[in-house]
1. Scattering from the C-alpha atoms of segment B:17-116 alone, worked out with Debye: what is log10 I(q)/I(0) at q = 0.15, 0.22, 0.25 1/Å?
2. Per residue, how much accessible area does segment A:322-361 show when a 1.4 Å probe rolls over the protein heavy atoms, in square angstrom?
3. Give the angle, between 0 and 90 degrees and rounded to the nearest 10, that separates the Cα long axis of helix B:39-51 from the longest principal axis of the Cα atoms of chain B.
4. Mind checking how much accessible area A and B bury in total, 1.4 Å probe, in Å² rounded to 100?
5. Over segment B:3-221, what is the relative contact order in percent, taking alpha-carbon pairs closer than 8 angstrom and at least six residues apart?
6. Would you mind giving the three semi-axes, in whole Å and largest first, of the ellipsoid equivalent to segment A:114-163 according to its Cα gyration tensor?
7. In nm², what is the average projected area of the convex hull enclosing the Cα atoms of segment A:120-253?
8. Select from segment A:36-50 all residues whose loss of accessible area on going from the chain by itself to the full protein assembly reaches 10 Å² or more (probe 1.4 Å).
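The values are calculated or read from the model by the stated rules, or taken from the named source; none is laboratory data. Here the structure is a predicted model, which means the values were calculated and not measured. Positions of Cβ are generated from backbone atoms using ideal geometry, with glycine treated the same way; all protein chains shown enter the neighbour counts. Ligands, DNA and RNA are excluded from the accessible area calculation, which covers all protein heavy atoms including side chains. Shrake-Rupley method; radii C 1.70, N 1.55, O 1.52, S 1.80 Å.
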Amino acid sequence: MALEVIARAGSPIALDAAFRVGHGELLALLGHSGSGKTTLLRTIAGLWRPEQARVTVDGTAWLDTAGRVDLPAHRRRVGIVFQNYALFPHMTAAQNVMAAMPAPDPTEAARILDLVNLHGLAERRPAQLSGGQQQRVALARALARRPQVLLLDEPFSAVDRATREKLHGEIIALRAHLQMPVVLVTHDVNEAQLLADRVAVIERGRIIREGTTAEVMADAEALRAMGIRELAAMLPATVVEHLPDGLTRLDAPTGPLFLPGVNSEPGTRLRVRIMAHDVILSRARPEGLSAQNILAGRVAKIVPGAGPGVVVHLAIGKHEILARITRRAADQLDLKPGETAHAIVKSMSVARDHVAPRRPR
Amino acid sequence: MDWTALNLSLQLAVWTVVILLPVSVVMGRFLAFRQFRGKPLVEALVMLPLVLPPTVLGFYLLVTLGRNSPIGQWWHGVFDSQLVFSFQGLVVASILFNLPFAIQPAQRGFQAIPAELREAAACCGMSPWRSLWKVELPLAWPGVVTAMVLTFAHTLGEFGIVLMVGGSIPGETRTIAIAIYDRVQAFDTASAATMSAVLVAISLFTIAVTFALSARVGRRLG
């Protein structure tokens, strides 16, 4: 059930992909521009028709080229946030939201605008709103239709970094209210890792790897297409206290973590992304180091790369830290599966936008 | 000053605008959004009256609408009058002659709407009809209004084709442009000057008002 998509086409873009997204689940279609991910989104919305395709939502076919079913876009109940928002410039924020309702209801429009933190801006036109505010209107408009499927096409790419961080947090909080399948198209590995439950990596119209976010993000082979420097582990953590020196102490299953001032209240549950190339390994517990985070674990596996590097998976409890080090270093340390090692993570190497709230349960 | 002629010209202009308004929207939108084989030919046909001498168009109209033509005979059978050298004939001629002015600016207006906005309208659940009223027309209307103003002003100034198809029958086909010509032929320079000045004033006023309006819309949506 939920959303199921099969699409094959030869032109104008080669496409051969199949995936499904469950209720309340967020699937990230991750790939470079030109990989076909937006085309897949447009296929779901009814804005493009591949030569062979089937799109079913809760068992009902929206598109079935074999069975000659092809609902026009306006009869598919989708909510879509376009990359450049595509807000109606002649309408206010509230009118934009009401434009997507079968029967315009100002009270409901106000409620949805509140939901995306746009209280008090209902009467502004798009030209009078900032990029982040426009993005929120676009999201409100997409939700106003009570969509059976929510589609997000690179929705955070047109705003600055600080706004993007904020919007990421808002989307995560908003997901508690969303029951429908959500498909996010992005080329940003960090974004996929922070927001998605599952990830499908797309290259030249094909899904080369699909799985839970943790699985895909720990798979160096899958991430090679996106750039191996994007390889990172994701740790759950809870804010404990803000220290007077500007650091924040978090509690993670791997032990305490010290990060540069995190903008969240103590008790907030976060996800922290730790880049594999920022992690240093040591056999003995190091002393006299400036690094604040030293995590002891056991080597789970060592995956050789194509070049001089290897990826070491260090198991700490049921979580893993990934370290990208040289093959030479792995040999010198005589690292083997089952042996103990320490991962060293500089506080300052964790970027602000690699810390995001966790989805409320 | 020939008030009958001015009145006739204004009536002709209003009828032309009223009939061409839906044509402008439908054809402008069609040519803006649809790709089909033979589109360049259709666009060329629409533009043809702009480059042809009015006498050529007038000649063909006389042939196709005349008393001995199938259309002329059908008209005579139904209305018991002839189409050429009548006000109705002038309206037909005026509509054909104004096609480029009525369609081109509207087409530009529709073309200026980003494809993504129309897609967004569809993804908001709007049928093509609702999308036209709620999204396309509100955004393309400066183009449509420009088309109608050009059509109106251009009809007031029509000369060659009116003379060919309508002649110069007072109260029936003698428009203000023809009346000016008549007055000049009769060495009545004073009347010709007054009427010319009135025509300049009306045309200038209409066009200036349109520009002012569209500038305001541009500021509002900018």
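1. -0.71, -1.11, -1.23
2. Numbers: 2330 Å² over 40 residues.
Heavy-atom SASA per residue in segment A:322-361 reads 58 Å².
3. Approximately 30 degrees, to the nearest ten.
4. Numbers: alone 16620 and 12210 Å², together 27050 Å².
Using a 1.4 Å probe on protein heavy atoms, the buried area is about 1800 Å².
5. On the way: 260 pairs, mean separation 64.5, N = 219.
Answer for segment B:3-221 is 29 percent.
6. 18, 16, 9
7. Numbers: hull surface 45.8 nm².
Computed as one quarter of the Cα hull surface, the answer is 11.4 nm².
8. At a threshold of 10 Å² (probe 1.4 Å), the residues of segment A:36-50 that become less exposed are A:Arg42, A:Leu47.
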